[in-house]
1. So, in segment 1-48, of the ones that are part of a loop (DSSP other than H, G, I, E, B) and small (Gly, Ala, Ser), which residue ends up modelled with the lowest pLDDT?
2. Residue under question is residue 56, and the condition is that it be surrounded by 10 or more Cβ atoms within 10 Å (Cβ to Cβ) and either modelled with pLDDT under 95 or part of a loop (DSSP other than H, G, I, E, B) (or both); does it hold?
Amino acid sequence: MGANGHDSTLLKDPAIERWLYMRATTQEHFRWTRYTAKMGVIFCVAVPAALYYIGSKSQGGYNFAVDVRKKADEKHLSANKA
């Protein structure tokens, strides 16, 4: 392949070649098991639901713009007094 038709000194390990082939064609060899179903539910349902819940409960609870303006006004006023 890369040796232009000459004998290559690269030795290929059959176990690594099988692993690389299985990794490249994972979608063809995938099977649903209890573990993969559980991981699918956790990462496709539970995590987004938890993030949505946390986001909806904290929505409007933090107003960073007001804090920045207050600090800027305080800094400006203290600079004018000095």
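The values are calculated or read from the model by the stated rules, or taken from the named source; none is laboratory data. A quick note: this is a predicted structure, and the numbers were derived from the prediction, not measured. All Cβ positions, glycine included, derive from the backbone under ideal geometry; neighbour counts span all protein chains shown.
1. Taking segment 1-48 first, the residues part of a loop (DSSP other than H, G, I, E, B) are 1-13, 25, 30-33.
Checking the rest, the ones that are also small (Gly, Ala, Ser) come to 2-3, 5, 8.
On the way: 2: 57, 3: 62, 5: 67, 8: 70.
Filtering first and then ranking leaves 2.
2. Here the answer is no, as residue 56 does not meet what is asked.
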